[in-house]
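Novice: This is the structure I want to talk about, given as structure tokens.
All of the numbers you see were taken from the coordinates with simple rules; none came from a lab. A quick note: this is a predicted structure, and the numbers were derived from the prediction, not measured. Note that we place each Cβ from the backbone using ideal geometry, even for glycine, and neighbour counts take in every protein chain shown.
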Amino acid sequence: MAKHRSRIGKDSFVGSHTVVISPVDVADGAYVAAGSALTQDVNPGEIAVARAKQRNVPGWVARARPGTRTAAAAEAAAAAGTRHTPSDGDDSDTEGER
């Protein structure tokens, strides 16, 4: 089986938690933003930002992972009315103050 190879150039920067899907060439002096899933080459002096918008799929755990501890925890949280609200940038831990 042949493996594809990627190249990270001289004095380039690849941010943390980046996934490089080979074959990709990150040129000398290029940047890759943290958390990116890199699928295309990055030219010298460029920054690659490759993050998709988050999509939450309601009910996925119950359908795809029935009988697991995760499914039981999700069911219990739903029965208790536990729900996280979208972050507005407020770092407070008190939900009622948002």
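Novice: Relative to the first principal axis of the alpha-carbon coordinates of the chain, what is the inclination of helix 69-79, with its axis defined by its Cα atoms, in degrees from 0 to 90 and to the nearest 10?
Specialist: Helix 69-79 and the main axis of the chain meet at about 50 degrees.
Novice: What FRET efficiency comes out for the pair Thr68/Ile47, r = Cβ-Cβ distance, R0 = 35 Å, nearest 0.05?
Specialist: With R0 = 35 Å, the Cβ-Cβ based efficiency is 0.30.
Novice: Can you tally the net charge around Val26? Count Lys and Arg as +1, Asp and Glu as -1, for every other residue whose Cβ sits under 13 Å from the Cβ of Val26.
Specialist: Charge balance in the 13 Å sphere: -2.
Novice: Of (i) 174; (ii) 154; (iii) 183, which one was derived for volume of the Cα convex hull per residue in Å³ from the structure shown?
Specialist: Label of the calculated value: (i).
Novice: Okay, moving on. Tally Lys/Arg at +1 and Asp/Glu at -1 over every other residue whose Cβ is under 15 Å from the Cβ of Ala37; what's the total?
Specialist: Its environment carries a net charge of +2.
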